[in-house]
Structure formats: structure tokens, C-alpha cells
1. Filter segment B:77-107 for residues that are assigned to a loop (DSSP other than H, G, I, E, B) and within 16 Å of B:Val65 (Cα to Cα) and give the result.
2. If we scan segment B:51-71, do we find a residue that is under 21 Å from A:His402 (Cβ atoms), aliphatic (A, V, I, L, M) and touching a helix residue (DSSP H, G or I) at 6+ places or on another chain (Cβ under 9 Å)?
3. Could you say which residue among A:Ala156, A:Ala187 is within 14 Å of chain B (Cβ to nearest Cβ) and at pLDDT below 80?
4. Restricting the search to segment B:31-73, which residues are within 13 Å of another protein chain (Cβ to nearest Cβ), closer than 30 Å to A:Lys41 by Cβ and surrounded by fewer than 15 Cβ atoms within 10 Å (Cβ to Cβ)?
5. Please go through segment B:74-120 and give me each residue that is in contact with a strand residue (DSSP E or B) (Cβ under 6 Å, 6 or more places away or on another chain), facing chain A (nearest Cβ under 9 Å) and hydroxyl-bearing (Ser, Thr, Tyr), ordered by number.
6. Would you be able to say whether some residue in segment B:108-118 is closer than 24 Å to A:Ala156 by Cα and not in a loop (DSSP other than H, G, I, E, B)?
7. Any idea which residue in segment A:105-142 is nearest to the other protein chains (Cβ to nearest Cβ), counting only those that are of a type in the set (S, T, N, Q) and surrounded by fewer than 23 Cβ atoms within 10 Å (Cβ to Cβ)?
8. Identify the single condition in (1) more than 25 Å from the chain's Cα centre (by Cα); (2) farther than 30 Å from A:Lys58 by Cα that A:Asp443 does not satisfy, given that it satisfies every other one.
Amino acid sequence: MSVVKSVTCPVCGCLCDDIELTVENGEIVKVKKGCSMSESKFLSYKSEHRIRTPLIRKDGQLVPASYDEAIRKAAEILANANYPLLYGWSSTSCEAQRVGIELAEEIGGVVDNTSVVCHGPSLLSIQEVGIPTCTLGQIRHRADLIIYWGCDPWSAHPRHVERYTAFTEGRFESSEWMDYVQRFKAAAGKKKIQSAIRIKSPKYKPPPVCEIPGAPLPAIAKGGRKMIVIDARKTMTATIADYFIRVEPNKDYEVMQALRALIRDQELDVDKVGGVPVEYLEELADAMINCEFGVIFFGLGLTMSAGKMRNIEVAISLIRDLNMRTKFVIMPMRGHFNVAGANIVLTWQSGYPFAVDYSQGYPRYNPGETSVPDILLRKDSDAALVVASDPVATFPKAAVEHLVKNPLIVIDPHMNATATMGDVVFPSAFVGIEAEGTAYRMDRVPLPLKKVVDPPEGILTDEEILKRILEEVRIIKSQEKEVA
Amino acid sequence: MAQQKLHVTLLTGRTIEQGVGKERGKSSEEYFEAVSVCFMDAQDMKKLGIKSGTNVQVTTPYGSVVVKAVKYARAPTSGLIYIPYGPWANSVCSNKTSSIGMPSFKGTPAEVEPAPDKPVLSMEQLLKNQFGK
């Protein structure tokens, strides 16, 4: 039995690098310090849902094949396609992404990563107005106002609050941890008392709970590090925040513009903006101006709802306004562990972060035209390679219909929805568990991923599979040239 | 008298159960349990005359899907329903990308009606019905 320390967790964009794994007889048996998603990943890498051998579809059924056979088949599909798509990339290493881009250039395909249905709009806005940001370490040590807008880290980045923001002990900002623990205990105790009363006297009705506390807002006026959540529904993160503002769905743009006006000392002649009373927005604007170092983390609540990239643009403009009064930064909450890496690798190779089209022989970038969902909705592509991603489970139905109609190659450790629809399916090693690599955290800090255990016998890594497909494609192309 | 139909706004997104389920494996029981549900407001459920665990049919201009209704306990969210990301949510989500590649996964207008007799399809069946593979 051995304990491997400081393992980087390959699940979400937090890339927590303090995980401790206990390895026994070449298997991970215990996970320490990880969140529930981390534990689930580190323990289920050996589960029954793994793909054990390469598969090729014959007569409508996926049948086992050898790597050589499957690589030959995949290379033929890609070499003969007119407009192939290479999609995914966010759950694999930068090294594999680099090979993938080389392959895209070789076959004249479109290479796109999952940020197109995630923070693609954020990238577009950043290209328009720039982004004042910093690393998570700075936030941990210095931020005294933390705002989560349209994101729910409790559910999607479980250790974000604990490691980088409100619950951490920073060098210059202390944690309010005990305060939260006590508040949790008090809330649980109150619930118990109420349920006891309900059982004893069924007619008793608990007093109604007020959604937004009346002014002056006690939580927002308190000293120390503050955490504010702004969302369309009361999320798990909202329940642990000092202050929660509920915005009507698709109304974030209006609320942010109202905040910008308030920060410039303009008066609003309405009572409510996006369902939020103006006096609460005034309180929020005061808290923003009066903090020493504030940060807005935003999620898909902004990028996916009405306005999309315009929401992010106005959020960044809000930060710009705030920086005239105090210090403020903004950061997107990146989902998959290496989606930031996918953008970075593609940018250094082609100049663009996502939706890059190599069909003309040089990189072209025009999201809306060269982005994979749009290509699928227009029914333009004629083959696809999906790596470390599950578009069948994440794209709208109409887009998936065209994806599965054409030859589909899938590289993934697990049998996911896309793999079940695939024509050639490659099992691969888990990056960060069975293979080394590099990944970029949500604040664009690169971290090494460790190899903790060996992959199942004969299973290759994403990088090796892609390299072999690329070699095979080059062989096929040179043979075609000779014949011509 | 319970209403037949309710007009709501559909949001989709992450839940911790969905996160754990996807890491366990997309074909796992945990994943199915986590994403083939629809979180609803208690008052809205009362209006439809349903309880937690009753199947409901969610219909949008883009499709229709049967999922299991679950009461959203944390706060009143009248007029909102929430389906975690997954094939069930995608069956009813908007495919309008506003010319930037991003489909509108949040804020789609939808109708909910009780469907106690219709089953929630397994992922295999759902994909087979939709794509024939």
C-alpha cells in the first residue's frame, strides 16, 4: 500500500492539486481531500462502464476489433472526408490537443472544443473588450468581496469556495468559516425544532420565510470577507452566501447595466430592474465600490441565457467602471479540467481559441459559421472525430441528428452516449490517473497531471491513438498521391 | 381542480448528482437518476395536482420529453423548471445559436403536463427513438 500525495484532480476547472490517493495492488482504493466528483472519478476509473477494447460498427452492431484495424478504419474515414469535424478536447491533456490540431490541419477539418457550448461567448467578448483578471492565488489572499453571478460552484466546482474564495484563510483576508459552520448548525437546529412542533401539533404553520431581507441589509453591511450570489434560482451556493439576489431569467443584462449606472452615481427612475428592487441594487453597488479587492466569477447563467456574449461584454464593462473606484477583477468559471488548455493550445497553434476551420489550408475563425453546432445544424460536415467529450449528451437534438448520421469516430475511456452512437470507438487511458499530461486551471495556470496507476493492459493514451491515426492518414494520403 | 398544463421557463444546468453521475459513467444508474428529472416549485406541482416522483411531460417548440418531477426544496421558484444537463434536457432545448455557436440552453419557454402513465425512457431507448442507432 502506498499513498500518492499532491495529485492534481482531473475533473473540473479548479484543478485541486492537493489530492491524496491510496494505491493498493495497483488500484486506487481511497481518495482524500477530493470532492464527491473527484472521488467518483478516481474510484470509478476501473468500473464496468469502461470500454475494454476498440470497437467497429458492422451491420449496425459495435463489435470488438484490434487497435490496428480501428486506426486504419478511422484514418480512412478522416482522409476521405471533405469537411470532417474534430470536436471535444476539454478532458484530455494539452499534449493530445496538440496532436489533434496537427491532424485537423492535415485533413483540412474543423477543430473545435467544448467551450463553444460553454464559455465561447465569453471568449468572443474578451476579444472585443479585453479582460481584467488575475490568478486564483491573488483572490485567495486579497479579495474581500466575492460575487458569483450565474454560476453554482457548490454543484459544479465543489471546492472552489473552500480553496480559493470565501472559506479560505488568505494572507491578508481571513476566513469566515466558523461563522458559516455556526449558521449551518443554527439552521439545522431550527429545522429540527420546527419538524418536532409539526409532529406534535399538525395545525402549526411555520412563519413565512422572506426571500430577500429588508434594508438595511445585515449581511451585506457586515465586515470581513463577503460572498454574494446572483442567480435566476436559489442554488446551493446561494444558501451559503451572505447575500442572494434573484434575477428573472434572461434579465442579467439589464441588471448589470443598471449597476453600471448606479456605480456612476446616476439615479434610476424605475422601482425594479430584472425583478430586483432598485434599493437592493444600490446596496450591491455600494458594497462593490467600498470593497478593497472585488471579484466576479461568472458561469453559464450568463453565457447561455439571452444576450449571451453581450452579457459578458457588459459584465467586463462593469468591472472597467468599478476599477475607476476600487480594484476589481472578473473570471469565467471554466467547467472541464482542461477546457482552458484547449483554448490556449489552439490559440498558440492557430491564433484562435475555438471553432477553427482548416478546410482552406490555413486557419479560419468565424464562430457562427465555423463552430461545430452551426456546422451540424447546417448539415455541412461529412464525418466527425470526438475526443474526450460527449456531444450526443450535450448538443441540442437537431445538431446530434446530423452528427450521428455520418461516420463518427470516438476516443473516450467511458462508454458514453456518443460512444454508443460511434462507428469506430477507441478506449483510452484516463489522463491524470493512468497517463501524464499538462492541464490549465480556470485562471490559466498550467499544472502537471500525474500518472498514478497503469492503464488496463493494451489500452493506449489519447495522444498515442491520435498520433497513430495521424501517421495512418499520412500514409493513405501519400498512397493516393502516388496513384494520381 | 388541478390544471392540465402549466406554462413555465425551462432552465438547464449542473447539479452535484449530475457531476458525480457523469464521472461514474454515463451509462450508470446514478447518471440516469441524476439527469432524467425536472426540479419544480411546490406550488406549481400543487397546481398540476402532482407529487414528487410523478412523471411529467415537458414540451417546447423544439421537442418533448418525459422526466420525473422532483420538488425543489430550497426556495420558491414559481414559473421555473430545472432539468440537469443531459440527453433528456437536450431533447427540449433550443438549437438557436444566435450566430455564435452557442445554443440557448437556458430560459426556453416550456409547457409541463402530468404524465403518470408515460415512462421515463432509458438513455438507450431515448437515443434509439431520437436517432435510430
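1. Of everything in segment B:77-107, those that are assigned to a loop (DSSP other than H, G, I, E, B) and within 16 Å of B:Val65 (Cα to Cα) turn out to be B:Tyr85, B:Gly86, B:Ser91, B:Val92, B:Cys93, B:Ser94, B:Asn95, B:Phe105.
2. yes
3. Of the residues listed, the single one that is within 14 Å of chain B (Cβ to nearest Cβ) and at pLDDT below 80 is A:Ala187.
4. Hit for segment B:31-73 is B:Ala73, nothing else.
5. Residues satisfying the conditions are B:Tyr82, B:Tyr85, B:Ser91, B:Ser94.
6. yes
7. A:Gln127
8. So the condition that A:Asp443 fails would be (1).
The values are calculated or read from the model by the stated rules, or taken from the named source; none is laboratory data. These numbers were taken from a predicted model, which means no experiment stands behind them. As a convention, Cβ positions derive from the backbone with ideal geometry for all residues, glycine included, and neighbour counts pool all protein chains shown.
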